[in-house]
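Working notes, beginning with the structure itself.
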């Protein structure tokens, strides 16, 4: 892979990871509440889910995820995860302090697991990596097209990693200077958006079911 192509893919990863979505909202929430480690672990979990889908795509095992019933399952499961995490964030805002709020289910208490589950069950993750891999595959002219596309996707993942590293560090330092009231308000906003994403994916799954 040429240095220019590597840099281009890293920048692509940065630009695609930066927009605010369910994963970034969860990273922000956990980073402001608990600092660098928990924010980074959430991002690492999400990147592991990305790597899982990337591997499935590379070995041609992604086709079963395009089955309508599987899409519906992922949509419903993803919406449940998002609504649960969003509701947890809203409860944190309603609590007297961040330290006194009820702990989430043990599955989501671990930041890495929460990031993985959140990204894995997000329909956006499947669509995103399928589209990126397909575009890179179409743009390759060498015989080993699949391997070249796979390496390109890994360099995009590197860009995502750099974004998670930067965001986690920024949240760690921001946590020290931002008042708890502001952190709780951000947690509320993040929760509302997560619930919104959850209902959006649920509606998509329902409409897909009606089309069958």
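The values are calculated or read from the model by the stated rules, or taken from the named source; none is laboratory data. Just so we're clear, the structure is a prediction, and the values are computed from it rather than from any experiment. Cβ atoms come from the backbone with ideal geometry, glycine included; neighbour counts cover every protein chain shown.
Annotations for the structure displayed:
- Filter result (at pLDDT 80 or above, farther than 12 Å from residue 164 by Cα, in a helix (DSSP H, G or I) and in contact with a helix residue (DSSP H, G or I) (Cβ under 7 Å, 6 or more places away or on another chain)) within region 27-58: 29, 30, 32, 33, 48, 49, 50, 51, 52, 53, 54
- Top-ranked residue in region 15-26 [being closer than 18 Å to residue 158 by Cα and modelled with pLDDT of 85 or more; ranked as farthest from the chain's Cα centre (by Cα)]: 24
- Just one of (1) at pLDDT 75 or above; (2) loosely packed, with under 14 Cβ neighbours inside 10 Å; (3) touching a helix residue (DSSP H, G or I) at 6+ places or on another chain (Cβ under 9 Å) fails for residue 155. It is (2).
- Residue within region 86-103 that is within 17 Å of residue 42 (Cα to Cα), in contact with a helix residue (DSSP H, G or I) (Cβ under 8 Å, 6 or more places away or on another chain) and at pLDDT below 70 present: yes
- Boolean, residue 177 is closer than 29 Å to residue 131 by Cβ and at pLDDT below 85: no
- Put simply, of 69, 61, 7 the only residue that is modelled with pLDDT under 80, more than 14 Å from the chain's Cα centre (by Cα) and outside any loop (DSSP other than H, G, I, E, B) is 69.
- Inclusion of residue 14 among residues that are buried (at least 17 other Cβ atoms within 10 Å of the Cβ) and within 15 Å of residue 160 (Cβ to Cβ) is warranted.
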